[in-house]
Amino acid sequence: RGALAALADACPAAEAVHAVNNNAAALVLAATVLAQGREIVISRGEMVEIGDGFRLPELLASTGARLREVGTTNRTTAADYADAVGPDTGFVLKVHPSNFRIEGFTAEAPVRSLTGLGVPVVADIGSGLLAPEPLLPAEPDATTTLTEGADLVTASGDKLLGGPQAGLLLGRSDLVERLRRHPLARALRVDKLTLAALEASLRGPEPPAVQALHADPVAVRERAA
């Protein structure tokens with residue numbers, strides 16, 4: 001309870017929060033509960049590989065959901081999503097391509113342009129940034145993403161947040177409660193040490209990742225020398 005209360009305090013834009021053992025687990029839980037036997041609408045440019053050979057499309061398909069790819073690798077518009085949404089749509093998924101970038105003739109639909117399609121919008125922001133960070137203006141954060149209309153945000157607890165490995169679920173209370181009460185949530189739950197570390201990372205002194213981000217360049221150069 002302490003860890004989840006700390007997470008809720010750190011992201012007031014979320015009506016409810018939950019934690020599982022990593023971000024991949026958060027996405028699997030969302031897909032299982034909201035889209036098993038149904039469609040997930042996702043841009044072709046966001047079909048990423050998340051490391052160690054694991055690919056997001058295969059991860060989502062393993063839950064029994066069907067992927068409805070829209071747009072192209074470099075350009076996807078809000079109209080592409082709208083044309084694909086139908087009675088079989090479980091949710092629209094936006095994925096932040098954290099470890100690569102496409103430049104040039106590109107376009108993507110922001111979360112705020114997808115909120116009127118009549119289905120939940122799930123956003124995987126990846127890094128675990130909970131609030132805007134001036135030093136990382138292009139990095140999506142949970143507060144802004146929820147404020148722009150996302151119904152559910154998934155993120156990692158061990159990257160920019162600087163905490164332990166964990167998957168964070170933040171968003172509408174009815175959706176979070178459905179995920180929390182699903183039988184799969186029991187298999188994906190985090191242990192007490194992880195919860196303690198997550199609470200300490202949110203309430204205690206700044207974790208090393210945050211300290212490093214805000215470190216004085218002169219002091220870092222002197223230390224390195």
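A few points about this structure:
- Among the residues of the stretch 182-200, those identified as farther than 8 Å from Ala3 by Cα, assigned to a helix (DSSP H, G or I), open to solvent by 40 Å² or more (accessible area, probe 1.4 Å) and not hydrophobic (A, V, I, L, M, F, W, C) are Pro183, Arg186, Lys192.
- Scan of the stretch 201-216 for residues that are among the charged types (D, E, K, R) and open to solvent by 90 Å² or more (accessible area, probe 1.4 Å), ordered by number: Arg203, Glu206
- Looking only at the stretch 65-114, residues that are among the acidic types (Asp, Glu) and modelled with pLDDT of 95 or more come to 4 in all.
- Residue in the stretch 110-119 that is part of a helix (DSSP H, G or I), over 14 Å from Val20 (Cβ atoms) and among the β-branched types (Val, Ile, Thr) present: yes
- Any hit, the stretch 103-111, residues being within 17 Å of Ala30 (Cα to Cα), among the acidic types (Asp, Glu), touching a residue at least 60 places away in the same chain (Cβ under 8 Å) and crowded, with 17+ Cβ neighbours inside 10 Å: no
- Meets criteria (assigned to a helix (DSSP H, G or I), under 15 Å from the mean Cα position of the chain (by Cα) and in contact (Cβ under 8 Å) with a residue 24 or more places away in the chain) for Leu179: yes
- Selection count, the stretch 41-59, where residues are buried (at least 16 other Cβ atoms within 10 Å of the Cβ) and touching a Lys or Arg at 6+ places or on another chain (Cβ under 9 Å): 7
- Residues that are without any contact (Cβ under 8 Å) to a residue 40 or more places away in the chain and in contact with a His (Cβ under 7 Å, 6 or more places away or on another chain) within the stretch 122-150 comprise just one, Ile125.
- A count restricted to the stretch 150-178 and to residues that are farther than 19 Å from Phe91 by Cβ, touching an Asp or Glu at 6+ places or on another chain (Cβ under 7 Å) and open to solvent by 60 Å² or more (accessible area, probe 1.4 Å) stands at 1.
- Single unsatisfied condition, Thr89 versus (1) open to solvent by 60 Å² or more (accessible area, probe 1.4 Å); (2) closer than 18 Å to Ala31 by Cα; (3) in contact with a strand residue (DSSP E or B) (Cβ under 9 Å, 6 or more places away or on another chain): (1)
- Given (1) under 14 Å from the mean Cα position of the chain (by Cα); (2) not in a loop (DSSP other than H, G, I, E, B), index of the condition Ala14 fails: (2)
- Scanning the stretch 130-149 for any residue that is closer than 23 Å to Gln36 by Cβ and open to solvent by less than 30 Å² (accessible area, probe 1.4 Å) turns up nothing.
The values are calculated or read from the model by the stated rules, or taken from the named source; none is laboratory data. Bear in mind the structure is a predicted one, so any value in this text is a computation, not a measurement. Note: ideal-geometry Cβ built from the backbone for every residue, glycine included; neighbour counts use all protein chains shown. Surface areas here come from the heavy atoms of the whole protein model, side chains and all, with no ligands, DNA or RNA. Shrake-Rupley method; radii C 1.70, N 1.55, O 1.52, S 1.80 Å.
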